[in-house]
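Bear in mind that the values in this text are calculations on the coordinates, not laboratory data. As the structure is a computational prediction, the values presented were derived from the model and not from experiment. Here Cβ is always computed from backbone atoms with ideal geometry, including for glycine, and neighbour counts include all displayed protein chains.
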């Protein structure tokens, strides 16, 4: 579920003539809560533009909130939903089919598209896979992906369907972050049944890559303990987006959850630049 935030009043500036500072709408106090928010400023810098932001497997909107806030600050309407089976218990996630995640992001995208001329999509890890699958079925203005998950690092994950009854859960894959003091608010256990579903959405996304034509920027951590390099290789080889409309940005100082890591500002700045219509057309 996602919460809708009412815009807070925009600042009118200071007596000394300095420009007003844009204020964010009142967002949910919990970093793990989802939201749908519109820019606080009455005159938005991005009229008719919205962004769907998708978190990863076993994680929460907390992993994406700084990215979402940067987009909101720049004038975009932003939707950051909680994916089904997340932010409750790992047992709930174990009962959630991959189609529920797919339906949730499609519904969120369609909701934005009804009121916005341009809808962009951001995704981290499994959120990147969901974004790619969505882009093959819709027509987003552009994609921004951080360490998108299209292949498994651990071969055992391929037999999760056979293991799930004997091994209900395994150790968490949470907080692969180099920067100290960060928390993506992920589950403390990973349900094996959900790993099987993760494999299905990854295969679906990989198969859909030739049908993706949206301009795409991919941020890749040089050290990632969750998503292997084969995932990026598959993306680069199969993606239908023309070479001139795709960019790959290396993140030298971050692990998997790079949106909370040392290179987060690079992600935010380069995403805003890439999403600007003046630059996207000539990447």
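A compact table of results
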{"item": "Difference of contour (0.36 nm per residue) and Cα-Cα distance, residue 179 to residue 166", "result": "1.1 nm"}
{"item": "Per-residue [θ]222 nm for the chain (sum of -39500 (n - 2.57) over DSSP H runs n ≥ 4, rounded to 500)", "result": "-9000 deg cm²/dmol"}
{"item": "Residue order, fewest to most beta carbons within 10 Å, for 261, 236", "result": "236, 261"}
{"item": "Sequence of 224, 276, 265 once ranked by neighbouring C-beta atoms within 10 Å, starting from the fewest", "result": "265, 276, 224"}
{"item": "Cα centroid of the range 46-78 to Cα centroid of the range 86-150, whole Å", "result": "12"}
{"item": "Extension gain, residue 223 back to residue 103 (0.36 nm per residue minus Cα-Cα distance, nm)", "result": "40.0 nm"}
{"item": "Degrees separating the helix 229-238 axis from the principal Cα axis of the chain, which is the longest one", "result": "70"}
{"item": "Folded to 0 to 90 degrees: helix 192-208 orientation relative to the chain principal axis, Cα", "result": "70"}
{"item": "Euclidean distance of C-alpha centroids, the range 166-214 and the range 216-283, integer Å", "result": "18"}
{"item": "For the chain: relative contact order, % (alpha-carbon pairs under 8 angstrom, 6 or more apart)", "result": "17"}
{"item": "Helix 126-137 axis, angle to the chain major axis (alpha carbon atoms, nearest 10°)", "result": "80"}
{"item": "Per-residue Cβ neighbour rank within 10 angstrom, fewest leading, 52, 150, 163", "result": "163, 150, 52"}
